[in-house]
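What follows is a set of notes on a single structure, which appears directly below.
The values are calculated or read from the model by the stated rules, or taken from the named source; none is laboratory data. Fair warning: this is a prediction, and the values are worked out from it, not measured in the lab. All Cβ positions, glycine included, derive from the backbone under ideal geometry; neighbour counts span all protein chains shown. Side chains included, ligands, DNA and RNA excluded: accessible areas come from the protein's heavy atoms. Shrake-Rupley method; radii C 1.70, N 1.55, O 1.52, S 1.80 Å.
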Amino acid sequence: MCNRYHSPDEGYIQQYWRLNPRQLGLGARDVFPRSPGGFIRRAVDDPGYSKELAVGRWGLIPWFSKTPDIKYSTNNARAEEVADKASFKDPWKRGQRCIIPATTFDEPNWESGKNVWWRFARADVDPWGLAGLWNTWKDPATGELIESYTMLTLNADEHPLMSRMHKPDPKLTLDKQEKRSVIPIELADVDQWLEGSIKDAKALLTLAPVEVFAAGPAPNPRHPPQSTGGSFDMPALACRVGEGDWPAGTQRRGLLVFSAISDGTKS
């Protein structure tokens, strides 16, 4: 699961994903649950097919909610269950899938016995395009339309990197711990995700291989690397990550930080 990420500014999003320009006032920013963020969807007013950038609340408001301030969390949705869960099944059935642009996202790592925030970028320095669903909720009292979205996650128990994130539940044995991960949609697959059938979309619900990630303890969890667009200062991140405190047994291979596939040498 994911509870915070850093979004590129709208100019870069529109350029990278080849969108029609829209002035939405979306700057590069940290995004947290229930705060506004940008998402890319199939254009709602185009009878054919095109993509558009929209801004909404991170935390999907289901159609049946009487208020936008729902009491439970909807910023993440389990991809294995979206077809059946009341909050998400209608957007999934209607094909209201979206791409959530992110420069980086953060996850907690508890291997040292305390929370160390790790930051995840792409090794190729491109932005992430994370799989999501969107919905437009109509306030029954005022008629106001409010856009919102959720980020899909997938079981990551077998993933050599993402399985290391999040705090273990002390009430569960090791074989019962479930780890989750966001789902990246590659640039070449965006149209299939937004325009394709449910079967087409399901085919893209996979985890990224470890080689895609540039990851390690965040230099400053509250302040992601500065970005003027979609990229950031990767060498500076490498330097600062390299100076951080590492859990025992962790090996470093450039920017890609995880011990599961390390050859035992430090670089």
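Some values worked out for this structure:
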quantity	calculated
Any hit, segment 63-74, residues being touching a Leu at 6+ places or on another chain (Cβ under 6 Å), part of a helix (DSSP H, G or I) and at pLDDT 90 or above	no
Unmet criterion (only one of (1) surrounded by fewer than 23 Cβ atoms within 10 Å (Cβ to Cβ); (2) in a strand (DSSP E or B); (3) not hydroxyl-bearing (S, T, Y)) for G129	(1)
Answer residue from segment 171-205, given it is at pLDDT below 95 and surrounded by fewer than 13 Cβ atoms within 10 Å (Cβ to Cβ) and is nearest to N155 (Cα to Cα) among those	E178
Condition broken by P91, with the remaining ones in (1) within 20 Å of P33 (Cβ to Cβ); (2) under 17 Å from the mean Cα position of the chain (by Cα); (3) outside any loop (DSSP other than H, G, I, E, B); (4) not charged (D, E, K, R) satisfied	(2)
The lone exception for K202 - which of (1) in contact (Cβ under 8 Å) with a residue 12 or more places away in the chain; (2) closer than 28 Å to A54 by Cα it fails	(1)
Residues of segment 9-29 that turn out to be without any contact (Cβ under 8 Å) to a residue 60 or more places away in the chain and within 15 Å of G56 (Cα to Cα), as a count	8
Failed item in (1) within 20 Å of V210 (Cβ to Cβ); (2) surrounded by 24 or more Cβ atoms within 10 Å (Cβ to Cβ), with C98 passing the rest	(1)
Failed criterion for T136 (all others in (1) open to solvent by 10 Å² or more (accessible area, probe 1.4 Å); (2) in a strand (DSSP E or B); (3) in contact with a Lys or Arg (Cβ under 9 Å, 6 or more places away or on another chain); (4) at pLDDT 90 or above hold)	(3)
When residues of segment 9-55 are limited to those that are among the aromatic types (F, W, Y) and in a loop (DSSP other than H, G, I, E, B), the one surrounded by the fewest Cβ atoms within 10 Å (Cβ to Cβ)	Y49
Count - residues of segment 32-59 that are over 19 Å from W128 (Cβ atoms) and hydrophobic (A, V, I, L, M, F, W, C)	2
Every residue from segment 58-75 that is within 16 Å of the chain's Cα centre (by Cα) and surrounded by 20 or more Cβ atoms within 10 Å (Cβ to Cβ)	W58, G59, L60, T74, N75
Flag if Y5 is hydroxyl-bearing (S, T, Y) and open to solvent by 50 Å² or more (accessible area, probe 1.4 Å)	no
Selected residue (only one of E107, E147, E80 is of a type in the set (D, E), within 18 Å of the chain's Cα centre (by Cα), surrounded by 23 or more Cβ atoms within 10 Å (Cβ to Cβ) and not in a loop (DSSP other than H, G, I, E, B))	E107
